[in-house]
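To start, the structure itself, in structure tokens.
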Amino acid sequence: MLETLDADALAQEHFKMCQYQINGYWDERDIYYEIIILPSNLVAHLVSSSIGITNRERFIQLKFSLVSPTFTDVDTENSNSQKIGDLVLVYDENLEFIDENWLLDINSPFVVALQRNQILDESDFRS
């Protein structure tokens, strides 16, 4: 089953569904971020996949390495990428989404991490 699974398509679908944004994120130092904005050119590389069984339920777990491509020259093939984190996606046996787990490099120049006091609402722009 895992061999026929299009993991890249599942990751890209997940990015689009969340609009390249994470609402509510605790980093490794226990600092809370209200919103994380991911780059729109985010690429997910499948690192591992597994099937798990609990009680009578089965699930699929996909672990991705997340990179943001940086292009030195758009007209050439010279490009490199910077890893910005990892993502674990969990699906049931019918490929219905169950859970996600993000581990991000908040200090990456490709990640916008906003804490509660950094978020502006419409009232901040009224005069």
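Assorted remarks:
- Pair list, Cβ under 8 Å, 6 or more apart: the stretch 101-123 residue within 12 Å of ILE22 (Cα to Cα) and assigned to a strand (DSSP E or B), other residue at pLDDT 75 or above and of a type in the set (S, T, N, Q): none
- Taking strands (runs of 3 or more DSSP E) as the structural unit, those lying wholly within the stretch 23-74 and holding at least 1 residues that are charged (D, E, K, R) and buried (at least 16 other Cβ atoms within 10 Å of the Cβ) correspond to 57-71.
- Subset tally (residues that are farther than 21 Å from ILE35 by Cα, of a type in the set (A, V, I, L, M) and at pLDDT 95 or above) for the stretch 61-97: 2
- Residue match in the stretch 91-98 (condition: surrounded by 15 or more Cβ atoms within 10 Å (Cβ to Cβ), over 30 Å from ASN117 (Cβ atoms) and not polar (S, T, N, Q)): yes
- Any hit, the stretch 86-97, residues being aromatic (Phe, Trp, Tyr) and either assigned to a helix (DSSP H, G or I) or more than 16 Å from GLU13 (Cβ to Cβ) (or both): no
Residues checked against (1) free of Cβ contacts under 8 Å to residues at least 40 places away in the same chain; (2) under 11 Å from the mean Cα position of the chain (by Cα):
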site	(1), (2)
THR4	yes, no
ALA9	yes, no
CYS18	yes, yes
GLY24	yes, no
ASP27	no, no
LEU38	no, yes
SER49	no, no
PHE64	no, yes
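The values are calculated or read from the model by the stated rules, or taken from the named source; none is laboratory data. None of the values given here were measured: they were computed from a predicted structure. Note that each Cβ is placed from the backbone with ideal geometry, even for glycine, and that neighbours are counted across all protein chains shown.
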